[in-house]
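Since the structure comes first, as structure tokens, the remarks are kept for the end.
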2 protein chains.
Amino acid sequence: MAPQLDAYFSQVDSLSEHFINRLREAVAIPSVSAEDERRPDVVKMGEWLGSQLKSLGAEVELRPLGKQPGKEHLDLPPVVLARYGRDAKKRTILVYGHYDVQPALPEDGWATDPFKLTVDDKGRMYGRGSTDDKGPVLGWVNAIEAHQKAGIDFPVNLLMCFEGMEEYGSEGLDDLIEAEAKKYFADADAVCISDNYWLGTEKPCLTYGLRGCIYYSIEVSGPGQDLHSGVFGGTAHEPMTDLVKLMGTLVDVDGTIRVPGLNELVAPLTDKEKALYKDIAFTMDNLYESLGSTTGIHADKERTLMGRWRFPSLSLHGVEGAFSAPGAKTVIPAKVIGKFSIRIVPDMEIDEVNKLVIKYLDEQFAKLGSKNSYKTVVQHAGKWWVASPAHWNFTAAGKAVERVWGVKPDLTREGGSIPVTLTFEQATGKNVLLLPMGSSTDAAHSINEKLDRRNYVEGIKLLGAYLHYVAEEPMVEQ
Amino acid sequence: MAPQLDAYFSQVDSLSEHFINRLREAVAIPSVSAEDERRPDVVKMGEWLGSQLKSLGAEVELRPLGKQPGKEHLDLPPVVLARYGRDAKKRTILVYGHYDVQPALPEDGWATDPFKLTVDDKGRMYGRGSTDDKGPVLGWVNAIEAHQKAGIDFPVNLLMCFEGMEEYGSEGLDDLIEAEAKKYFADADAVCISDNYWLGTEKPCLTYGLRGCIYYSIEVSGPGQDLHSGVFGGTAHEPMTDLVKLMGTLVDVDGTIRVPGLNELVAPLTDKEKALYKDIAFTMDNLYESLGSTTGIHADKERTLMGRWRFPSLSLHGVEGAFSAPGAKTVIPAKVIGKFSIRIVPDMEIDEVNKLVIKYLDEQFAKLGSKNSYKTVVQHAGKWWVASPAHWNFTAAGKAVERVWGVKPDLTREGGSIPVTLTFEQATGKNVLLLPMGSSTDAAHSINEKLDRRNYVEGIKLLGAYLHYVAEEPMVEQ
Ligand SMILES: [Zn+2]
Ligand SMILES: [Zn+2]
Ligand SMILES: [Zn+2]
Ligand SMILES: [Zn+2]
């Protein structure tokens, strides 16, 4: 029997100004994790969040994570661990979010004070953290409150894990998740993360896949110090010459990766998967709008979405150690470091990819016949993640979306990575669902970040509805 | 009859402490032309130099050059124009030097105060400007004084042009030289510039050639703004991919320039020219020492010197607009600008080179088949310069070197450019000689710049002796 949600929904509607004020309070705390001097505000934000949960009757722990690696004078902000409900007859859902935010300087071009929630006449609520990720985090808090005020039994036991360092590498979080997988998180039946975005602005989605990312450096060095090209040009092997040749062998202008064997690691495209792309709400104009140009590689939306989600890509990011300022400088740089990364997808294993990439570059360098020194280094590596959208966690969420928004959600992947997703899946062994609240125009890491009032209020309904559907969804793959 | 110089030489020796004190006074004025807040010191240095010359009886003018282009609140420092002697029966020699210096910050690693001349027990005189170019400029002043004190008739009319903006692009100087070529400089019979260095540390040289330099930018742009490689990698043409491919087609690792037609512009190597290289005091170990490595391209010194002096070279300097910091950033840069320059030699004409380079890059970009926008731009261009070392100006200087140092000087070129050399040659139509005072280890633009006491004192003798020899050298090519 479908859950009875009307009373919950109208309670959310009548509490909506209260919920917006709660978001306003949260945005006013500038919890920027990347800025040392804001650390007290990050901690304050964690404490504020904990007290909100406590006042609603949740059991709350602020877990210290110790000192920040490399900055031993700084305490990491605590992870807010919370539990709402201990009913053994109910399912337990673990949710994750983060209460820290990206830096925001008014002089970067904000139209309003970034730490003052400002709602315009179209219902756009501007403020740093509004959509990433304070709005979604408060979505869970608000869902609890609306149930209480409406007198509706909460459908699940809710475990919450809210961190304060997501925008600065989630320092210390992986260890905590692994340590608590069989303890604090032991009874979780499924995981839900609300920290990404719709593909567009009108249609909700459920996200079941992310690409991984391996970041490489190519180091080439020769002379003992930077040289003057007038004096040494034509007499010495120049590291920059070698480097651009190596970088130029990695990828074609149409994005084809030229490392032999790499494409063979990619899971073949099945007809069934191919069919999924046709109906997704996305157009080439959406791409061009977000690119700010029409310099897309592929002509059709299906291949474009596949290029973003399910095929690997290789991007050249830049060169460290060479001349990079405006103007003209006649330097021969002594040591240059080329940076590139590969987005990886099923079934590319990190070790295999690294072996192929390094072997290829080693061979290319040997072919050059340069006297310079050369080395390719892996800077960091993160695996891809793909869940089954047929899992009951997803089908329940799909029903909740249909109930709140009146449409079936798109099933999407993302091209970027949210490493904590894979950590939760591997540590708990449970299905992880990405259930976004905000839309593609929210400008999460840019100036003028916003969350639409509609997405916030309907999003609170959605999170609550999801908990009702997931509480009773048959535990089978469909 | 060879000039009688013994009395002059012994006068220089007995005045040597006085001359070192004069250099000490000059070094103490921090005339850094690149630093706006030092501009009063640059002006002070010009005035000090003018007063030194005036007290020796020279006619001196401090010529204002107006405001600094782009920094209209700053006056350019004056050019010190001076004349010593107006005897129509004597030849007139025009000399050039500069009284401004490179920046020098103690925290860059100076072992001593850069603006306090410090003489060590090996006679190395450390201080900013000691060798570049205050020592040589004062060489001319000291030569006048030593002649006066020794009671020797000065052998020529000496015209002097000392500027205060050489280390910052010689703003305004070209216009002045062209305007005065048929006025202040009208009676010059030859030009001498002492503002470069010996090839090594033991053997003096006369320099008769410089390479020119053309500096290019390759601009590639596509997206409207920087993109996240997770979201857009694999869906959009990336400017950086195109750029490294273009840069990679310009030059081979052994320095061979791959622009078709370019090498055909280079004057063929004659047997006579080839024979000049064998005797030059230079070894591969000299190269390796200055490189700080053994990553030289050529195995022998002759080809190495030709690579530096008489063949073109192409160096890739860097990329503007891409990620250039340490660490990892997963950006797809929206617009990248690759910088490279070509050192040009006889008979490469700037226009022809530009035409070949731009045509080649245009073709290479078209071949790529990218949707990005592309443009190659010439940032600046300076012609090469080669004088005839058989000119009487050079043969006279050669005799002076032999008299002072007891060896025939090496005839050298340089790989870099000293643009004012060509300006003087073209404006006056007279032969220009580069007659260095300092040695290859003087570290002109680095920390711990120095001039050896020996090079200073013998250099004063050399400049005076040169004036005697050039006063009576038969005006024929030999
Ligand atoms: Zn986030
Ligand atoms: Zn974020
Ligand atoms: Zn100089
Ligand atoms: Zn200089």
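The values are calculated or read from the model by the stated rules, or taken from the named source; none is laboratory data. Everything quoted here is computed from the prediction, not taken from an experiment. Positions of Cβ are generated from backbone atoms using ideal geometry, with glycine treated the same way; all protein chains shown enter the neighbour counts.
Rundown of residues vs (1) within 16 Å of ligand 2 (Cβ to nearest atom); (2) assigned to a strand (DSSP E or B), yes/no style:
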position: A:Lys183; (1), (2): no, no
position: A:Asp187; (1), (2): no, no
position: A:Thr207; (1), (2): yes, yes
position: A:Ile214; (1), (2): no, yes
position: A:Gly224; (1), (2): no, no
### Message
On the basis of being of a type in the set (S, T, N, Q), outside any loop (DSSP other than H, G, I, E, B) and within 20 Å of the chain's Cα centre (by Cα), does B:Thr201 make the cut?
### Response
no
### Message
Name the residue that is farthest from the other protein chains (Cβ to nearest Cβ), counting only residues in the range A:275-307 that are part of a helix (DSSP H, G or I) and exposed (fewer than 12 other Cβ atoms within 10 Å of the Cβ).
### Response
A:Ala275
### Query
Restricting the search to the range A:159-174, which residues are of a type in the set (Gly, Ala, Ser), within 15 Å of ligand 1 (Cβ to nearest atom) and at pLDDT 90 or above?
A:Gly164, A:Ser170
### Task
List the number of the failed condition for B:Phe340; all other conditions in (1) within 13 Å of A:Ser229 (Cβ to Cβ); (2) touching a Ser or Thr at 6+ places or on another chain (Cβ under 7 Å); (3) at the interface with another protein chain (Cβ under 8 Å from one of its Cβ atoms) hold.
(3)
### Query
Just a yes or no: is a residue in the range B:256-272 buried (at least 16 other Cβ atoms within 10 Å of the Cβ), more than 11 Å from chain A (Cβ to nearest Cβ), of a type outside the set (A, V, I, L, M) and farther than 23 Å from A:Ser221 by Cα?
no
### Message
If the requirement is being under 30 Å from the mean Cα position of the chain (by Cα) and more than 7 Å from chain B (Cβ to nearest Cβ), which of these qualifies: A:Glu363, A:Glu349?
### Response
A:Glu349
### Task
Collect the residues in the range B:358-401 that are outside the structural domain of B:Val95 (by TED's automatic domain parsing), touching an Asp or Glu at 6+ places or on another chain (Cβ under 9 Å) and of a type in the set (Ser, Thr, Tyr), keeping them in residue-number order.
B:Ser370, B:Ser373, B:Tyr374, B:Thr376
## Note on the structure
Of the residues in the range B:320-337, those that are under 17 Å from B:Ser221 (Cα atoms) and more than 7 Å from chain A (Cβ to nearest Cβ) come to B:Gly321, B:Ala334, B:Lys335, B:Val336, B:Ile337
#### Entry: Leading residue by the ranking (nearest to B:Leu463 (Cα to Cα)) among those in the range B:175-209 that are within 16 Å of ligand 3 (Cβ to nearest atom) and not hydrophobic (A, V, I, L, M, F, W, C)
B:Ser194
#### Entry: Number of the condition not met by B:Asp347 [criteria: (1) closer than 22 Å to A:His317 by Cα; (2) in contact with a helix residue (DSSP H, G or I) (Cβ under 7 Å, 6 or more places away or on another chain)]
(1)
#### Entry: Count of residues meeting criterion [aliphatic (A, V, I, L, M), crowded, with 23+ Cβ neighbours inside 10 Å and over 24 Å from A:Val331 (Cβ atoms)] in the range B:207-231
1
### Task
Show the residue pairs that are 6+ apart or on different chains and have beta-carbon atoms under 6 Å apart, the first residue being within the range A:93-122 and within 14 Å of chain B (Cβ to nearest Cβ), the second being within 16 Å of ligand 2 (Cβ to nearest atom) and not hydrophobic (A, V, I, L, M, F, W, C).
A:Gln102/A:Glu167; A:Gln102/A:His445
## Note on the structure
Of the residues in the range B:115-146, those that are within 16 Å of ligand 3 (Cβ to nearest atom) and not small (Gly, Ala, Ser) come to B:Arg128, B:Thr131, B:Asp132, B:Asp133, B:Lys134, B:Pro136, B:Val137, B:Leu138, B:Trp140
